[in-house]
Amino acid sequence: MPGSGVTAQVFCMASGCGENSGRKGDPDSVQDWALRHTGRTGHALFRRDFTDQARVTRVE
């Protein structure tokens, strides 16, 4: 749906870590978070979640 935007969140999958980027409206900012987290901790595996909205119009 135009104008609704995409939200993204990144979760560190390193055993026992549990840190995440928080949900952001800018996917690039969560990527930057993951890069900083890797630099700080050495953790290199992340789960990425993206959400958006879609409007469905029924055609009669």
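The values are calculated or read from the model by the stated rules, or taken from the named source; none is laboratory data. These figures come from a predicted structure and were not determined experimentally. Quick reminder, even Gly has a Cβ in these numbers, built from the backbone with ideal geometry, and neighbours come from all protein chains shown. Ligands, DNA and RNA are stripped out before the accessible areas are found, and what is left, the full protein with its side chains, is counted by its heavy atoms. Shrake-Rupley method; radii C 1.70, N 1.55, O 1.52, S 1.80 Å.
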Study note, to complete from the structure: In deg cm²/dmol, rounded to the nearest 500, the helical mean residue ellipticity at 222 nm of the chain, built from -39500 (n - 2.57) for every DSSP H run of length 4 or more, is -8000 deg cm²/dmol
Exercise for review: Give the residue from 7, 38, 51 lying farthest towards the positive end of the charge dipole for the chain; charges sit on Cβ (+1 for Lys and Arg, -1 for Asp and Glu) and the dipole is referred to the Cα centre.
Suggested key: 38
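Counting only heavy atoms of the protein chains, get the accessible area per residue of the chain (1.4 Å probe) and round it to a whole Å² value. Before the final figure, lay out each step's value.
Values: 4590 Å² over 60 residues.
Solvent-accessible surface per residue comes out at 76 Å².
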Practice item. Quick one: which residues, 5 or more positions from residue 14 or on another chain, have an amide H under 5 Å from its amide H? H modelled 1.01 Å from N in the peptide plane, none for Pro or chain starts. Key: 45
**Study point:** Extended-chain gain in nm, criterion 0.36 nm per residue less alpha-carbon gap, residue 60 and residue 35
**Key:** 4.1 nm
Check your understanding: What size of dipole, in debye to the nearest 20, comes out for the chain about its Cα centre when the only charges are +1 on Lys and Arg C-beta atoms and -1 on Asp and Glu C-beta atoms?
Key -> 100
Exercise for review: For the chain, find the longest principal axis of its Cα atoms and tell me its angle to the long axis of helix 27-41, 0 to 90°, nearest 10.
Suggested key: 10
Review point. Ordered by residue, what ³J(HN,Hα) values in Hz, to whole numbers, does segment 12-24 give under the Karplus form 6.51 cos²θ - 1.76 cosθ + 1.60, where θ = phi - 60° and Gly and Pro are x?
Key: 6, 9, 5, 3, x, 6, x, 6, 8, 6, x, 6, 10
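Which whole-number percent is the relative contact order of the chain (Cα, under 8 Å, 6+ apart)?
Normalised by residue count, the contact order of the chain is 44 percent.
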